[in-house]
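Encoded as C-alpha cells, the structure appears first; notes follow it.
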4 protein chains.
Amino acid sequence: MTGFPLHSDGSNAADPWEVPVRVAVAGLGYWGPNLVRNLYENPSAELVRVCDLRPDQLAVLQGRYPGIARTTRFEDLLEDRSIEGIVVSTPVSTHYALALRALQAGKHVFVEKPIASSSEEAAELVEVADDKGLVLMPGHTFLYSPPVNAIRALIEAGELGDIYFISTSRVNLGLHQSDVSVAWDLGPHDFSILRYLLGETPTHVTALSRACVIPGTPDVAFINLEFASGTIAHVELSWLAPSKLRRTTIVGSRKMVVYDDTSNEPIRIFDSGASLPNPETFGEYKMTYRTGDILSPRIEVAEPLYLELDDFCASIRSKVQPRSSARLGLEVVRVVEAVDASLAQNGARVEVGGSAALTAV
Amino acid sequence: MTGFPLHSDGSNAADPWEVPVRVAVAGLGYWGPNLVRNLYENPSAELVRVCDLRPDQLAVLQGRYPGIARTTRFEDLLEDRSIEGIVVSTPVSTHYALALRALQAGKHVFVEKPIASSSEEAAELVEVADDKGLVLMPGHTFLYSPPVNAIRALIEAGELGDIYFISTSRVNLGLHQSDVSVAWDLGPHDFSILRYLLGETPTHVTALSRACVIPGTPDVAFINLEFASGTIAHVELSWLAPSKLRRTTIVGSRKMVVYDDTSNEPIRIFDSGASLPNPETFGEYKMTYRTGDILSPRIEVAEPLYLELDDFCASIRSKVQPRSSARLGLEVVRVVEAVDASLAQNGARVEVGGSAALTAV
Amino acid sequence: MTGFPLHSDGSNAADPWEVPVRVAVAGLGYWGPNLVRNLYENPSAELVRVCDLRPDQLAVLQGRYPGIARTTRFEDLLEDRSIEGIVVSTPVSTHYALALRALQAGKHVFVEKPIASSSEEAAELVEVADDKGLVLMPGHTFLYSPPVNAIRALIEAGELGDIYFISTSRVNLGLHQSDVSVAWDLGPHDFSILRYLLGETPTHVTALSRACVIPGTPDVAFINLEFASGTIAHVELSWLAPSKLRRTTIVGSRKMVVYDDTSNEPIRIFDSGASLPNPETFGEYKMTYRTGDILSPRIEVAEPLYLELDDFCASIRSKVQPRSSARLGLEVVRVVEAVDASLAQNGARVEVGGSAALTAV
Amino acid sequence: MTGFPLHSDGSNAADPWEVPVRVAVAGLGYWGPNLVRNLYENPSAELVRVCDLRPDQLAVLQGRYPGIARTTRFEDLLEDRSIEGIVVSTPVSTHYALALRALQAGKHVFVEKPIASSSEEAAELVEVADDKGLVLMPGHTFLYSPPVNAIRALIEAGELGDIYFISTSRVNLGLHQSDVSVAWDLGPHDFSILRYLLGETPTHVTALSRACVIPGTPDVAFINLEFASGTIAHVELSWLAPSKLRRTTIVGSRKMVVYDDTSNEPIRIFDSGASLPNPETFGEYKMTYRTGDILSPRIEVAEPLYLELDDFCASIRSKVQPRSSARLGLEVVRVVEAVDASLAQNGARVEVGGSAALTAV
C-alpha cells in the first residue's frame, strides 16, 4: 500500500490553478475520439500526443486537432518524459499489457473498462500502481453520471430504506463485439453501478446466456446476483432488442426508484411501498400498501466522461484515489469472471472470488 | 387414456344449438364473482348453483343473481345429478381435494390455476379425469387472451423466425398472498403463456427469490428458463414494484415482438434484427443490423375469461380437449416445483421433472 | 332570489343520518344507466322509479334492478308526490321542457349537461328554480373529478402563480351525435372546467369548425377564448382522432401543470418557468429559465359521478347551492352559444353574452 | 420570370462531378455554426469565407476551421468574385438588406427563415432574383426533414384520403426572442410544412396571442387557418411550456397520422376512420367507425440541414428551383403577416394577402 489516502466520497475537485496534466491517448477506435475531445476541452489536462497503430485513424484526428502530435508507436508515449498520464482506449485484450507498460514507465494510467481481461491481471495492475504510487483508473463512466449519483445520494440518506432488490435491463440492437461476450462488454456498466450504489460486491452469481447470432459469442445474458446484505439483483444484457432500454428499478423498503437513462426524466421516485404492520401476529395477516406521490427530480446536465477525466487529472494532482478506483475495477472484473464461471458450469451458482476481502475498499 | 381425441389447435367452438351445460361454482372469493358473471352471461352454460362456506359471500351474490341457488355444502353440488360441471375457485391448497371429489362424483371440472399444489396431485387428477372420460381444465386464462393468440399465430407462421429468447416482467404493488409465494401466484401465468407460445416446457430452471415483506413468503423472483430448442427465457415476478408491468419481449431471428398487456397497443412487431451474412468466414466478421417498420396490429377486444369458460362448455359437449388442457396445467405445476427446488438449493440449476415426456401432449 | 345561500366552496357533505332523497331517473339511453347505478348505490338517495319512452330500455333495467318501479309516462314522476328530485338524462333538445315541468311540479332537478339548448331557456330554468326555492343542478361531472379539484386547489393556493394560458384537447374517434355539434357535445366539459378552475367565464370567443363526416354536423372545432383577467385558452374538440386525448396544459407564472385524464398520473406539476429579472432595462434583455422537479401527486381515486349525485342530494337537504350550480350551467351554455355565433359569422370574434354580470356567482 | 424551370418534385440531386459551389456564410450567431459545419462537410460546397461583425465570434470559428478565411466586412463577400453563393444567417431584421445586396452583387443567396420581415420586402427579393436569374432560397429546413417528406408521400399517394384537418403544437420552454414574436420565430416552420404537405397556402387566418413574460413580445399564439380545399388547421406556438412538444396530427378521410418530431418513431399511421355509409338516408343515421393497425414506418435518418444546403448547391448548378423556393418563402411571410393583422384587430378573421395567386407556384 502506498501513501494514497482513501478516496473521498465526492469527486476530486480539480483546482483550476494547478498545472494541467500532460496526457496522451492510446487507441483511436470507437471510443477514443470521445476521450480526445474531452481531454482537449478540459483545462485540467493538456493533450500532447495521440497514438494508434493505424495511420489513417491518426490522419482523421489531425484534421480536427492539428496541434496534437501523433505517433503509431506506443513506445513514443512511454519515452516522452513530459507525459504524466496515459489514457488507454484499445481493445480489451490489450488493456493489461499496455497499462502495465505505462505504469512501469512511471505514467499514471486511465484505462477503459474492463480494466483487464482477468482478475489476475487486474490484481497485478493494482499492485504495480500501488507500489509505484501511481494513479490507475478504470473508465467506469457511469460513476460520474448525474442520475446515478442522485440515486446514490438517496440511498445514502436512507430515503429508500433497505434495498430489497434491483432489476436492470441494458439492451439494444447492436453492437456485437467480435472478441468479447455481452457480459464482458455491457456487464461492467451495471456491475460498477451496483457496486457504487450498494457499496458492496455480489457474493454469488448465476447466469444464463446464449450466442444467438455469432457462434461462440453470447449476445444475451440473464444474470442473477446475491449480496451479503440480503439485496438481490437481476441484470439483463443484450445486443438483440427491439428498442434501446437502459432501465433500472430499485425497490427499497421505504421508496422505489426507476432510473431510465434514455428519458428526459432519468429518475422517478415513487413514494410507494408495502408493509406488514404487525408481523408477529401473522395469523392476522394484513398487508398495508401505500401509493403516494411520484417525483422526477431535476438532474444536473453534465457529460459523465468530462467529469471522469477531470477526476483522473485531479487524482494525479491530489494523490487521492479517483471515484472509479482500480480496486472497484478489479471487483467488477471478478463479477464478470463469476458470470463466465457460472456459464461454463451450465448456470451453476458461483461465488464471486474473494470479493468479501475487497468490499472495504 | 380415454376416448378423448387430442385437442384441436383452435378453441372448441361452442355450438349454439347444444343444450347449455349445467354448472355450479364453488368459491366466491376474489375471483369467483368473475366466473359467476361470465357463466351467467354465456348461453352455452346454465349456472344453477353457487357454493361458499361463508354465508355472507353467498348473500352478496343473491342481490345480483337472485335466481341462482346457493349452498354452503360442497356435497350439495356433488349430489345434484343435474349438475354436469363444477367450477372450482377456492384457495390453492384445496384445489386437489375438491377437484378429485368432483371428478369422482362424475362431474367435469374447471379449476383455477394452479391445478394443484404439487405435480403428484396434479398427475393424479389428470389420471382420474382420463379414466372417467371427464373434462379437467385448469384456468390458464391467458391462453384465451387475444394478444397472446396473435403472438402465437405469428410464431406458428414463422414470422418471427427462430425464437432466440423471451424476457418477461409481471410485477405490481400487491397483492401479497399469505399462503403461496409469488412464484406460485404469478408464475403459472407466464409458464402457461410460454408453454403455449413455444409448444414446449422448459427443461431446466434457475431461480433467485427473496421474502422482502412477509417472512417466509417470497415476493420477488428472478427465474431463468432453458428449453430443449435452445430458446432461453427470463421471468421476473414481484408483488413489489413502483408501477404495474406486464411486458414480454420476444426476440426472434427474423422479427421481435413486445407484448404489453397494460397498453392500448398490446402487441408491437419490430421488423428488426441482426445477422451474420457469412458466418464461415468469421475472421471477416461483419454484422448486419436491420431496423424496419414497427407495426401495432389491431387486436380483437374480447374477455379471455368468457372465451375460456366457453371452451370448457364446448369441451364437455365435443369431447375435445380444451386449449387449457389438464396436461398443460400439470406441466405448469412441474415448472413451479422446479423453481421451488432451485430456491431450496440456493439457486442451483434444476431439471424440470419429466417434462421431456410430456412435451408431446 | 330565494333563501338559498351561496354555495360553499367544498362540496356539500351529505349527512348520513339524513333521510335519503327520493329520486326518479328519466331517460335510460347511453348515460342514464350510470346515473341509475350510482343512485342505487348511494345511501343518500333512494331511487324509486325510472322512466323511458322505450319499454325495452325499461326491461333491460328490470333485470338488474328488479326492485325499482318503471314507467313510460314522465307524468307519473311528476304526479308521484313522494318523489323529491328528478334526474333528467334525455336528449339535449328535451332538457328544457322536462326540467321546466319538473320544477313546476315542485321537484328538485338534476339535468345532464348542457342544461338547455339555449341561454334563454337556461335562464328561464334558473329563474323558475330560484322562485320556487328548488335545486336545479346541471350534470357538469368534471367539477367532481379529483384531478380537476387538485388543480383548482393548486391555483387557489397560488402555487401556479398567474395563469398565463391554458391549452386543452378533448378528442377521440367517435361518437358522432346526430342532433348536436361537437361543440355542444364536448364543449360543456371544458367550458365548465375552465370556469371552475379560473373562476371566470370567457369574455370573447373565436371558433373554427368543420363538418367532416356528417354534412351539417361539425365534428372538429378549434376554439380560442379570452378572459377578463388576461388569461387566454385554446380548446380543441373532435370526434375524429387517431387516439383518445384528454390533455390540458396550464401555464402559470410560477409553475405549469399537465392534466391528462387518461393517465395513471393524471396531474404532473412542473416547477418550471421563464422570467425577465429586470424588465425595465429591456435593452439589457436577459431571460432566465428555470427547469425544476416534476411532481405527480397522488390523486384520490373516486368516481366523479357518485360525488356529483351526492352533492345533488346534499344540496336538497342543506339548501346550499351545489358546486355544479345552475348559474354555472347557464354560463356554459352562453359560451357554447358564442361558439355558434362565431361560426355563423365565419369565425368572427364574438362577445360572450352577459358573462360579466354572472362571474360573481 | 427567368429561364428557371419549375422545380422538380424531388430534391435536386447534386452531381458529384460538378465543381463545388464556392460559398460564404454571413452571421455566426446561434444557427450560423450549424450552417458552417454542414457546408464544410458537404463535397458540393466549398466554404471559403465567413463573416461576422463580432471578431470574437470569428475567433471561435478559427479554432475549429482554421482553413477558412474570416472577415467582419460583408462587403468583402460581395467583392470577392470567386464567391458564387452567400448564406445569410443574421438577425431577421437584416435579411432583406443583406440578401438584396448579395443578389445585386450577382450572388446566389440562401437566407434563413423568414426570408424577410415583410411580404413587400420578400416580393422584391423574389423579383430581383428572378430578374438576375439567381437562386434565392429561404432556409425552411423542415422541407428536407425525412418524416415530413414521408408524410407528403403518403398524402400524394392518396393514402390518407382527403385531409380533413391538421392540428399542430410547437412549444417549448424558451428561447424568447427579443426582436420578434413567437409567431415570427416558430410560425414559419409550421406554415412552411403545411404549405409543403397540402400544396396550398391558407386563405384566412384567426389568431389569439399573449405576451406573458416580455411586454410587447407575444410568447404564445393560437392560430386557426382555413384553406381553399376545405382543410382547416390549428397551430399552437409557445416559448412557455412544461415540456417540448413537436406534435402534428393529420386527420384524413382514410387514415390519420401523428408526427412527433421528438420521438424515435416520428410517424405513426393509424388505419382508423369514421364514415357515414349512406348519407342520403340521414334519418337512418348510422356511423361506422374503423380502428385498425398502427404503423410506425422506418424513417431514413438524415440531417435536414445537410440536404437543404445540398439542394442550394444543386439548384445553383442545375438552374432548377430548390424545394424551399423563394415563392414558398414569400407565402410563408404572408401568413405570418396575416397572423399579425389578426392580432392587431383583436383576433378578427383576416384574409391572407394574395395567396390565391401564388398557390400555383
- Task: Evaluate the following for residue B:340: is it over 30 Å from residue B:227 (Cβ atoms), modelled with pLDDT of 95 or more and away from every other protein chain (no Cβ under 14 Å)?
- Result: no
- Given the conditions (1) at the interface with chain C (Cβ under 8 Å from one of its Cβ atoms); (2) touching a Lys or Arg at 6+ places or on another chain (Cβ under 9 Å); (3) over 27 Å from residue C:216 (Cα atoms), every one holds for residue D:206 apart from (3)
- Query: Looking at (1) within 8 Å of chain A (Cβ to nearest Cβ); (2) closer than 23 Å to residue B:165 by Cα; (3) of a type outside the set (Lys, Arg), can you tell me which one residue B:265 breaks?
  - Reply: (1)
- Output the number of the condition that residue A:69 fails; it satisfies all remaining conditions of (1) without any contact (Cβ under 8 Å) to a residue 24 or more places away in the chain; (2) among the small types (Gly, Ala, Ser); (3) open to solvent by less than 20 Å² (accessible area, probe 1.4 Å). (3)
- Message: Need the failing condition index for residue C:103 against (1) open to solvent by 10 Å² or more (accessible area, probe 1.4 Å); (2) free of Cβ contacts under 8 Å to residues at least 60 places away in the same chain, just the number.
- Response: (1)
- Task: Quickly run through the stretch A:81-100 and pick out the residues that are closer than 14 Å to residue A:22 by Cβ and open to solvent by 20 Å² or more (accessible area, probe 1.4 Å).
- Result: A:81, A:82, A:84
- For the stretch C:198-207, does any single residue satisfy the condition of being open to solvent by 10 Å² or more (accessible area, probe 1.4 Å) and without any contact (Cβ under 8 Å) to a residue 60 or more places away in the chain? yes
- Task: Give the stretch D:44-60 a look and list any residue that's in a loop (DSSP other than H, G, I, E, B) and either open to solvent by 20 Å² or more (accessible area, probe 1.4 Å) or without any contact (Cβ under 8 Å) to a residue 24 or more places away in the chain (or both), or say none.
- Result: D:44, D:53, D:54
- Message: All but one of (1) open to solvent by 10 Å² or more (accessible area, probe 1.4 Å); (2) among the aromatic types (Phe, Trp, Tyr); (3) within 14 Å of chain B (Cβ to nearest Cβ) hold for residue A:165; state the number of the condition that does not hold.
- Response: (1)
- Query: For residue A:78, all conditions in the list (1) at pLDDT below 95; (2) more than 14 Å from residue A:32 (Cα to Cα); (3) open to solvent by less than 50 Å² (accessible area, probe 1.4 Å) hold save one; what is the number of the exception?
  - Reply: (1)
- Task: Collect the residues in the stretch C:286-298 that are among the aliphatic types (A, V, I, L, M) and either within 16 Å of the chain's Cα centre (by Cα) or crowded, with 18+ Cβ neighbours inside 10 Å (or both), keeping them in residue-number order.
- Result: C:294, C:295
- Task: Mind listing whichever residues of the stretch B:300-324 are open to solvent by less than 10 Å² (accessible area, probe 1.4 Å) and part of a loop (DSSP other than H, G, I, E, B)?
- Result: B:322, B:324
- Item | Residue check, residue A:112 over 30 Å from residue D:66 (Cα atoms), among the charged types (D, E, K, R) and crowded, with 18+ Cβ neighbours inside 10 Å | yes
- Can we say residue B:216 is open to solvent by 20 Å² or more (accessible area, probe 1.4 Å) and at positive phi? yes
- Message: For the stretch B:234-242, check the following and say yes or no: at least one residue is of a type in the set (Ser, Thr, Tyr), modelled with pLDDT of 95 or more and open to solvent by 10 Å² or more (accessible area, probe 1.4 Å).
- Response: no
- Query: Is it the case that the stretch A:275-283 has a residue that's within 11 Å of chain B (Cβ to nearest Cβ), open to solvent by less than 40 Å² (accessible area, probe 1.4 Å) and either in a strand (DSSP E or B) or touching a residue at least 24 places away in the same chain (Cβ under 8 Å) (or both)?
  - Reply: no
- Message: Can you confirm whether residue C:272 is facing another protein chain (nearest Cβ under 9 Å), open to solvent by less than 30 Å² (accessible area, probe 1.4 Å) and among the hydroxyl-bearing types (Ser, Thr, Tyr)?
- Response: yes
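The values are calculated or read from the model by the stated rules, or taken from the named source; none is laboratory data. Note that the structure is predicted; figures quoted are calculated from it, not measured. Virtual Cβ from ideal backbone geometry, glycine too; neighbours counted across all protein chains shown. Please note that ligands, DNA and RNA were not included when accessible areas were found on the heavy atoms of the full protein model with its side chains. Shrake-Rupley method; radii C 1.70, N 1.55, O 1.52, S 1.80 Å.
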